[in-house]
Amino acid sequence: MDINQLNFKHLFYFWRVAKNGSLTHTAEQIHTSQSALSTQIRQLESRLGTPLFDRQGRHLELTAIGQQIFVYAEGIFGLGEQMLGWLEGRDEGTIHIRVGSVSTMSRNFQVNWLNPLFHDPAVVLSVDSGSLQVLVERLLRHQLDVVLANEPLPSDPARPVSSRFLGSQVISLVGRADRWAGTTLRVPHDLNGVEMAVPSARHSVRPQFDALCFSVGVQPRLRAEIDDMTMLRLVARDSGWITMLPQVVVQDELQSGELVHIGQSSQLTEHFYAITVQHSHPAGPLNQLLLNAAAGNIFT
C-alpha cells in the first residue's frame, strides 16, 4: 500500500477509540456522531484489509493486528500531543519538565535524583504526587514527562511505557539515638514483640517484610502503618519505636545523629524506576538524567 493511500484522519479516529475503549465517549470528545466515527473506522479497516476491533455488542476489543496498528498510531499521534504540550507550556529560553512521583516514594530520593535539574537555569520543574495508576494515565496523555516509582510496569499495546531502573537500596531499621544507640538487631529474628512503625501494604517492600517475618515465625508489634514516607520519617524521629524504611528517607537525621541505624536485611530491598512513554523524546536535561541513571549513585 502506498503511504499516500492511508487516510490519517481515519487512523486518528481509530487511535482515539482504541485509547478510550468506547465509541460513545470518543464521539463526545471529538464532537462527531457515533455512526460517523464507526463508519470512518470501518473505512480504515477496509483500506488495511483487516478488522482492527472484535465487536461484541457495544464492547470493543482490539484484534492482534489492531494492537500492533495502535502501537504505530500511538507513536504518530502521541508525539503530536507531546509536541503540542511542549509548545503550550514553553516560555522562550526555558524548558518545562513535568515529573510525577508515587505517593509512597521518598522525598529525599526524589530530591537526590532531580538535583542536577535544580542547577540548570533553563529548567522549570513541576512535581506532582499520586497513585501509580493515575500518574501513568497522565503520562500516556502526555501531561507528564516521567513518573518515578518503586516498581516497574509491564508494557502492552494499550499502555506503551518503558521502565528504567534507577537504583536500589536495602531497607533499614532505625530508631532514636537516645533510646537505641549501640543496639543491633537481626532482621527479622530479633523483632518478635518489638514495637515498630512500617510502610503500609501499598508500599512495595511491605509484602517482603511480612513474608520474611512469617518464614521464621516472628510477629513484631505494629504500632503504625504509614503510606507517606515523610510521615514515616517524622514518626521515626518523634516516637520511640523502631521504624523500617529506606535509609535515604532519613539520611539527614542519621547524619546528624538524631537517629541511629539498628539493622537491615539484604532480603528487604526497595527498587527505584523512571517510567516514560515508549519512543518519547524527553527534554534534553531530563534525557541526560535518564541516560546517566546507571552510571551514578543517587544514594551518596
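So here's what we get for this one:
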read-out	value
Local electrostatic count, Ser168, Cβ distance below 12 Å [Lys/Arg +1, Asp/Glu -1]	-2
All-pairs Cα distance distribution in the range 23-68, expressed in whole percent, bin size 10 Å	27, 54, 19
Top positive-direction residue, dipole computed over the chain with Cβ charges, set Ser266, Gly21, Pro160	Gly21
Dimensions in Å of the range 102-249 - Rg and Dmax from alpha carbons	17.8, 55
Ratio Rg/Rh [Cα only; Rh per Kirkwood] for the chain	1.09
Computed magnitude of the charge dipole of the range 3-75 (debye, nearest 20; Cβ of K, R +1, Cβ of D, E -1)	140
Sequence-distant residues sharing a close amide H with His279 (under 5 Å, placed H)	none
Net dipole in debye of the chain [+1 Lys, Arg Cβ; -1 Asp, Glu Cβ; about Cα centre; nearest 20]	480
Kyte-Doolittle mean at least -0.5, axial Cα span of 27 Å or more - DSSP H helices of the chain	64-89
Neighbourhood net charge (11 Å Cβ-Cβ; Lys/Arg +1, Asp/Glu -1) for Ala18	0
Gyration tensor verdict on the range 172-220 (Cα atoms; rounded if a/c is under 1.5, prolate if a/b is larger than b/c, oblate otherwise)	oblate
Computed [θ] at 222 nm, deg cm²/dmol, the chain (DSSP H ≥ 4; -39,500 (n - 2.57); rounded to nearest 500)	-12000 deg cm²/dmol
Square roots of five times the Cα gyration tensor eigenvalues for the range 223-282, Å	29, 13, 13
Value of D in µm² per second that Stokes-Einstein yields for the range 168-268, Kirkwood Rh from Cα pairs, at 4 °C (1.567 mPa s)	98
Which of Ser239, Leu254, Phe209, positive extreme of dipole for the range 192-264 (C-beta unit charges)	Phe209
Footprinting exposure proxy for Val17, Val260 (fewest neighbouring C-beta atoms within 10 Å first)	Val260, Val17
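We did not get these values from a lab; they are worked out from the coordinates using the rules stated. This is a predicted model, so every value here is computed, not measured. Note that we place each Cβ from the backbone using ideal geometry, even for glycine, and neighbour counts take in every protein chain shown.
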